[in-house]
1. Working only within region 139-160, note down all residues that are in a helix (DSSP H, G or I), open to solvent by 10 Å² or more (accessible area, probe 1.4 Å) and in contact (Cβ under 8 Å) with a residue 24 or more places away in the chain.
2. Could you tell me how many of the residues in region 161-182 are in contact with a strand residue (DSSP E or B) (Cβ under 9 Å, 6 or more places away or on another chain) and in a helix (DSSP H, G or I)?
3. Can you find a residue in region 146-153 that is among the basic types (Lys, Arg), more than 25 Å from ASP184 (Cβ to Cβ) and under 23 Å from the mean Cα position of the chain (by Cα)?
4. Looking at (1) open to solvent by 10 Å² or more (accessible area, probe 1.4 Å); (2) closer than 15 Å to ILE112 by Cα; (3) modelled with pLDDT under 95, find the lone condition where ALA11 falls short.
5. Out of all the residues in region 161-174, which are crowded, with 24+ Cβ neighbours inside 10 Å and either more than 15 Å from VAL82 (Cβ to Cβ) or of a type outside the set (A, V, I, L, M) (or both)?
6. Inspect region 42-49 for any residue being among the aromatic types (Phe, Trp, Tyr) and either open to solvent by less than 30 Å² (accessible area, probe 1.4 Å) or in contact with a Leu (Cβ under 7 Å, 6 or more places away or on another chain) (or both) and give the result as yes or no.
7. Kindly indicate whether ARG4 is surrounded by fewer than 21 Cβ atoms within 10 Å (Cβ to Cβ), charged (D, E, K, R), on the phi < 0 side of the Ramachandran plot and at pLDDT below 90.
8. Under 9 Å between Cβ atoms, which residue pairs at least 6 apart in sequence (or on different chains) link something in region 71-85 that is within 15 Å of ALA32 (Cα to Cα) and modelled with pLDDT under 95 with a partner that is aromatic (Phe, Trp, Tyr) and open to solvent by 10 Å² or more (accessible area, probe 1.4 Å)?
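The values are calculated or read from the model by the stated rules, or taken from the named source; none is laboratory data. This structure is a prediction, so every number in the text was calculated from the model and none was measured. So basically every Cβ, Gly included, is an ideal-geometry build from the backbone, and we count neighbours across all protein chains shown. In case anyone asks, the SASA skips ligands and DNA or RNA and just uses the protein heavy atoms, side chains included. Shrake-Rupley method; radii C 1.70, N 1.55, O 1.52, S 1.80 Å.
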Amino acid sequence: MTPRPLPTTPAPHRVVALLRPPQATFPLACAAEVFGDHGPAVPARYTFEICTEHPGPVRTGLGHDLLVAVGLDAVERADTLVVPGWSQEPGAEVPPAVVDAVRGAHRRGARIVGICTGAFVLAAAGLLDGRRAATHWARAAELASRFPRVRVDPAVLYVDHGDVATSGGSAAGVDLCLHLVSADQGSAYALRIARQLVMPPHREGCQLQYAELPASGPVGDSLAPLLQWLSERLDQPVSVADMAARSQVSARTLTRRFTEQLGISPGRWLLDRRIAATRALLEETDLSVESIARQVGLSSAVNLRRRFHEALRTTPAAYRRAFRAGTAGRAGRPALTGSRPDAPEDAGIHDNLAGRVEG
């Protein structure tokens, strides 16, 4: 099976990162690694540049300066504006010029992204009022206290509203950026970038699994061996009982571990993987929907179409046409998060079971 070449786009998507001293280097690197140049292995569909309120040396958290030659005028050229962290003292105000620039970019249609504590800038601009938002779990209480109209969720890896998106702690910025690339350009393109970064295109679970643990109490066994086993058997029917038997625990214990470690049910995890595999095959092969259904374990074209529409609010045929033509975009995308704890336990395991999948 030979993958189809990825479609090209007429104009690169302009990504601009807005910096402020002391600039945290890791969240900046997360955005740069995803949206930057990846060489000939990945066709360039983004440009990436940095700017700051006062051009010149910008102090970083590592103690050295980063020379930034471009000012806030770069924000006016951005298709996506990224705030990669905001390492200010608690209670520090966001400069009015930065607030105005962020609001202006949003008004003209740019997507605004806050990585980690970058959410504070989006909140100061009023872009998160009445909306769910993510930030580093250690700063979630402060964000909620300073901006009571923001619905801060300390658990999720990221929240995407289409026009505005926020991520949890720094590394969750990679999860969010890859998610945005997938939404912009398709799963296959995002997977190529993820492979360049030597990381999975989608990380499971929620931010709370990385928060400080109590000094005592049991720690759940890792699900990694089971997840690997399941990933290698997407074409086979698997039930929660099968998973529990593989892990040598009861079905109830297995479900609890999924909820604690990944924030979702076993059935939801399996269905998400099958939908992701379906998207890649639609984008990169000429296989029929019936053949894809067999390869991803959804048993029939009818079941695949139903599950696919529940998950993405579109049909496999429409999805394939959109990404083959390179016209996929952000318009109309619903809010997405890096954790979906309210999914039904048995969703997507058997053909005759109904399960609602949020888009």
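1. Scanning region 139-160 gives GLU142, ARG146.
2. Number of matching residues: 9.
3. Yes, that holds for at least one residue.
4. (2)
5. Selection gives THR166, SER167, GLY168, GLY173.
6. Of the residues in region 42-49, the ones among the aromatic types (Phe, Trp, Tyr) are 46, 48.
Subset that is either open to solvent by less than 30 Å² (accessible area, probe 1.4 Å) or in contact with a Leu (Cβ under 7 Å, 6 or more places away or on another chain) (or both): 46.
Yes, because at least one residue in region 42-49 is among the aromatic types (Phe, Trp, Tyr) and either open to solvent by less than 30 Å² (accessible area, probe 1.4 Å) or in contact with a Leu (Cβ under 7 Å, 6 or more places away or on another chain) (or both).
7. In short, yes.
8. GLY85/PHE26
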